[in-house]
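Q: What follows is a single structure, and I will ask about it in a moment.
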Amino acid sequence: MNQRVELIGLSQPELVAFVETLGEPAYRGRQIFAALQHRRLRSFDEMTDLPKELRARLNEVAQASSLQIESRYLSSDGTRRYLMKTRDNLPVETVFIPEEHRDTICFSSQSGCPLQCTFCLTAQLGLLRSLTPGEIVEQIIIALNDAYGTGVKPPRGTNLVGMGAGEPFLNFDSLLKALRIMADPNGLHIVPNRVTISTAGIVPRILDLANVFDRPHLAISLAAPTDALRNELMPINKRWPLEELLNACKVFEHSLKPGERFTFEYVMLDGVNDSDEHARQLANLLNRHGLRAKVNLIPHNPAEPLPYQPSRAERVTRFKDILEAKGIHVYVRRPRGRDIFAACGQLAARHETLNAGRSLLSEVAT
Ligand code: SAH
């Protein structure tokens, strides 16, 4: 059963080639691609414009969907979190964040995560496995269908952020394939310019991304301005320390379009990385490398049993002021969906909400 071809992870030309192996004409491949990616149908039985025999054959040899929704949670701020399961029963989480002028969907690249960042709850799952291109694409399809109805065109633009569970750059090929499929104008038509991928700092892939034609935007999780502290908070720093990371960023910078900047994310942990001295060190580090970057300060989203608290608001403001005084562009990220374990660093396949079930939209038995 698991041998069936996952059609949602195929590009349009691949789908054409696949239907040809079944003795079908090329236009059927294009038709199925549009049914999956544009009409966002998740079963062959719904594709009633295909001949019955073809639908039956497809049900034998292929699969139209790979994920099943297990639960969905609604935050008081409108954010939704989906807890889904792969066919081999592994958790996948996706967050839908409505904003005034656009929606942002935060997708996962892996089930669990192999990195051991001490401030992130996902780390506690360990790596279960990397997701397939189809499992990445389907997260977006599920979120859009749930928000607007199957196949309904979203009223606002859709931005994607690869900031859910997992390290996207440890699943690089599947990630890029998923992005190419989603960019297809005959499908979801979400172009790379609307996508930001966040990495903990896998240096060789940062260099690779710089050479990708039509690439997504890049964000880098920094969390500390010195190797000593970053080694502690993000052990991946021992493999690729700050100097190497920022040198790779400098190379990446050459691929930026006019006006484009890349982002450093800095999670603010009370009393750990948020002092005036840390702010000065951070500004000096970025300025020394002459990087055209902006810094996003993310107040820590606390979650048991993580040993941190978010920095106080005055601390965040002071930190921001110090960076700005040294010429750095800074934004403070407003946390979304904390009450349903949907905020950054809170994805750990939790079956509950902080407000005890009030915001559980539905639970589907598996
Ligand atoms: N592995 C990738 C993408 C996932 S994390 C990466 O590390 O970038 C997405 C963002 O959430 C990162 O910037 C990370 O630093 C941040 N984050 C992780 N745990 C957090 C927490 N508890 N509170 C706030 N932000 C957190």
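The values are calculated or read from the model by the stated rules, or taken from the named source; none is laboratory data. Not measured: the values here are computed from a predicted model. A quick note on method: Cβ atoms are made from the backbone with ideal geometry, for glycine too, and the neighbour counts reach across all protein chains shown. We work out accessible area using only protein heavy atoms, side chains counted, and drop any ligands, DNA or RNA first. Shrake-Rupley method; radii C 1.70, N 1.55, O 1.52, S 1.80 Å.
Q: Could you tell me which numbered condition Leu36 fails, if it satisfies all but one of (1) buried (at least 21 other Cβ atoms within 10 Å of the Cβ); (2) modelled with pLDDT under 95?
A: (2)
Q: Tell me yes or no: at least one residue of the range 1-14 is hydroxyl-bearing (Ser, Thr, Tyr) and within 18 Å of His189 (Cβ to Cβ). Lay out the reasoning, then the answer.
A: The first filter runs over the range 1-14 and keeps only residues hydroxyl-bearing (Ser, Thr, Tyr), leaving 11.
Now narrow it down to the ones that are within 18 Å of His189 (Cβ to Cβ): 11.
Looking through the range 1-14, at least one residue is hydroxyl-bearing (Ser, Thr, Tyr) and within 18 Å of His189 (Cβ to Cβ).
Q: Looking only at the range 59-82, filter to residues that are in a strand (DSSP E or B) and under 24 Å from Glu46 (Cα atoms); which one of those is most open to solvent (accessible area, probe 1.4 Å)? Let's see the steps before the verdict.
A: Going through the range 59-82, the residues in a strand (DSSP E or B) turn out to be 62-63, 68-74, 80-82.
Filter once more, keeping what is under 24 Å from Glu46 (Cα atoms): 62-63, 68-72, 82.
Numbers: Ala62: 1, Gln63: 15, Gln68: 93, Ile69: 44, Glu70: 12, Ser71: 0, Arg72: 52, Tyr82: 0 Å².
So, considering only residues that are in a strand (DSSP E or B) and under 24 Å from Glu46 (Cα atoms), the one most open to solvent (accessible area, probe 1.4 Å) is Gln68.
Q: Take the conditions open to solvent by less than 40 Å² (accessible area, probe 1.4 Å), assigned to a helix (DSSP H, G or I) and either touching a residue at least 40 places away in the same chain (Cβ under 8 Å) or within 12 Å of the ligand (Cβ to nearest atom) (or both) and apply them to Ile190. Does it pass?
A: Working: open to solvent by less than 40 Å² (accessible area, probe 1.4 Å): yes; assigned to a helix (DSSP H, G or I): no; either touching a residue at least 40 places away in the same chain (Cβ under 8 Å) or within 12 Å of the ligand (Cβ to nearest atom) (or both): yes.
Taking the combined requirement at face value, the residue does not satisfy it.
Q: Of the residues that sit in the range 65-115 and are under 16 Å from Thr158 (Cα atoms) and hydrophobic (A, V, I, L, M, F, W, C), which one is nearest to the ligand (Cβ to nearest atom)?
A: Cys106
Q: Out of all the residues in the range 251-276, which are assigned to a loop (DSSP other than H, G, I, E, B) and either surrounded by fewer than 18 Cβ atoms within 10 Å (Cβ to Cβ) or among the charged types (D, E, K, R) (or both)?
A: Start the filter on the range 251-276 by keeping residues that are assigned to a loop (DSSP other than H, G, I, E, B), which leaves 254-261, 270-275.
Those that are assigned to a loop (DSSP other than H, G, I, E, B) and either surrounded by fewer than 18 Cβ atoms within 10 Å (Cβ to Cβ) or among the charged types (D, E, K, R) (or both): His254, Ser255, Leu256, Lys257, Pro258, Gly259, Glu260, Arg261, Asp270, Gly271, Asp274, Ser275.
Q: Are any of the residues in the range 138-151 open to solvent by less than 40 Å² (accessible area, probe 1.4 Å) and outside any helix (DSSP H, G or I)?
A: Taking every residue of the range 138-151 in turn, at least one turns out to be open to solvent by less than 40 Å² (accessible area, probe 1.4 Å) and outside any helix (DSSP H, G or I).
Q: Moving on to the next point. Would you point out which residue out of Leu233, Leu209, Leu175 is in contact with a Lys or Arg (Cβ under 8 Å, 6 or more places away or on another chain), at negative phi and open to solvent by less than 10 Å² (accessible area, probe 1.4 Å)? First the steps, then the outcome.
A: Numbers: Leu233 fails: in contact with a Lys or Arg (Cβ under 8 Å, 6 or more places away or on another chain); Leu175 fails: in contact with a Lys or Arg (Cβ under 8 Å, 6 or more places away or on another chain).
Unique residue meeting the criteria: Leu209.
Q: Determine, yes or no, whether Ala248 is assigned to a helix (DSSP H, G or I), at pLDDT 95 or above and closer than 19 Å to Glu324 by Cα.
A: On the way: assigned to a helix (DSSP H, G or I): yes; at pLDDT 95 or above: yes; closer than 19 Å to Glu324 by Cα: no.
The answer is no for Ala248.
Q: Of a type in the set (Ser, Thr, Tyr), within 16 Å of the ligand (Cβ to nearest atom) and over 15 Å from the mean Cα position of the chain (by Cα): which single residue out of Thr122, Thr118, Thr150 fits that description? Give the steps one after another, and end with the answer.
A: Numbers: Thr122 fails: over 15 Å from the mean Cα position of the chain (by Cα); Thr150 fails: within 16 Å of the ligand (Cβ to nearest atom).
Sole residue among the options that is of a type in the set (Ser, Thr, Tyr), within 16 Å of the ligand (Cβ to nearest atom) and over 15 Å from the mean Cα position of the chain (by Cα): Thr118.
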